[in-house]
Amino acid sequence: MDYMLFAFMAVLLLYTVYRNFTLLKRYKQNKEYIECYKAILRADENAYERINAFIDSQKEQDFAGKGRLLKLYVELDKKLPYQETLNAIDLKDVFYKKDHPDKYRYSLNCELFIWIYIIMAKARQMSGFDVLNELNDKVKALEEMNDCLEYREAEAIYNALCEKEDGGVKFFTDLLEGNYTELRYEKNLIGIFKRFAAATLAYGGEPMEDYYKQDLHNFAETMIGKTYLENLGIYDKYLPLKETAETEE
């Protein structure tokens, strides 16, 4: 009995050490990913070199996949050749494990959809419908994740930017009104997903309550919000409140 207990404790100890080592490794990788993320939003001169170095250093498929999305955005923004990067993107590398969606990977990486939305807006700004269509196809390949709010929002943004179906209006309206309880979503990101919904509705010229218009001014104060609104061509309409006040003075 004592031997069995000792064996169990030894296995538990080894698992704990392995788990902590894995988490520490991911922490270091994630820290550099976030630095690349911020460098791109700040339009740092070395952002492209930094994200290339990040991708080259990765052995984990999900981090390499996330890096390629960032690289694609920079290539579009700087008008660099992008087709090779676009072809290499496989979102299943980020969200799937053994050919099926993995809840753990989804939880760790669902913020990547933010970049999918931003890239779609950038592609629309430059009339890059080839990028929009191909990126949409890559999202649709995650069809087993169609019960995820982030997946549905990507679909709605694509419809809005390409003026397909109802332009995503029903989804965005339901999201803003809280009618999304049947979907899975990352709770700590629901606020930013709602802001993407409001911004895309504003892009389509849909009427909105003053509360959501106010929220877009707040969104414009963030690097993510400014980037998305600029790519949609509506940033000047929803300047941060401080800038709006200074202009009025």
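Charges at C-beta only: +1 for Lys and Arg, -1 for Asp and Glu. How large is the resulting dipole of the chain about its Cα centre, in Debye rounded to 20?
That gives the chain a dipole magnitude of about 960 debye.
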Q) Taking 0.36 nm per residue of separation and subtracting the Cα-Cα distance, what length does fully extending K28 through E163 add? A) 44.5 nm
Q | Dipole in debye (nearest 20) - the range 142-226, about Cα centre, beta carbon charges: Lys, Arg +1; Asp, Glu -1 | A | 320 debye
Q: Scan around C148 for amide H atoms under 5 Å from its own, H built in the peptide plane at 1.01 Å from N, and keep only partners 5 or more places away or cross-chain.
A: R184
Q | Using alpha carbons only: equivalent-ellipsoid semi-axes of the range 59-105, gyration tensor based, whole Å | A | 24, 9, 8
Q.
Just want to confirm a number: the relative contact order over the range 77-230, from Cα pairs under 8 angstrom separated by 6+ residues, in percent.
A. 18 percent
Q: First select every other residue whose beta carbon is under 14 angstrom from the beta carbon of E49; then total the charges, Lys and Arg +1, Asp and Glu -1.
A: -3
**Q.** Potential lengthening between N87 and E221 on full extension [0.36 nm per residue; Cα-Cα distance subtracted]
**A.** 44.9 nm
Q: Choose one answer from N30, N52, N188: the residue with the largest mean-square fluctuation in a GNM of the chain with alpha-carbon springs under 10 Å.
A: N188
Q: Describe numerically, in nm with one decimal, the distance between label points set 7 Å from Cα along Cα→Cβ at E230 and at K98.
A: 4.5 nm
Q | Structure-based [θ]222 nm, the chain - -39500 (n - 2.57) summed over DSSP H runs of at least 4, per residue, nearest 500 | A | -21500 deg cm²/dmol
Q) In percent, what relative contact order does the range 149-233 have, based on Cα pairs under 8 Å that are 6 or more apart in sequence? A) 23 percent
Q) Which aspartates and glutamates have a Cα less than 14 Å from the Cα of K97, not counting those fewer than 8 places away in the same chain? A) E60, D62, E144
Q | Under the Karplus curve 6.51 cos²θ - 1.76 cosθ + 1.60, θ = phi - 60°, whole-Hz ³J(HN,Hα) for the range 115-130, x wherever Gly or Pro sits | A | 6, 4, 5, 5, 5, 4, 5, 4, 4, 5, 4, 9, 6, x, 5, 5
Q.
I need the Debye-formula profile for the range 41-165: one equal scatterer per C-alpha, no solvent, reported as log10 I(q)/I(0) at q = 0.17, 0.19 1/Å, two decimals.
A. -0.87, -1.09
Q | Distance violations [Cα-Cα > 26 Å] among K38/K98; K138/K194; K92/K213; K78/K194 | A | K38/K98; K92/K213; K78/K194
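Only the coordinates and a few stated rules stand behind these numbers; no lab work does. All values derive from a computational prediction rather than experimental measurement. Quick reminder, even Gly has a Cβ in these numbers, built from the backbone with ideal geometry, and neighbours come from all protein chains shown.
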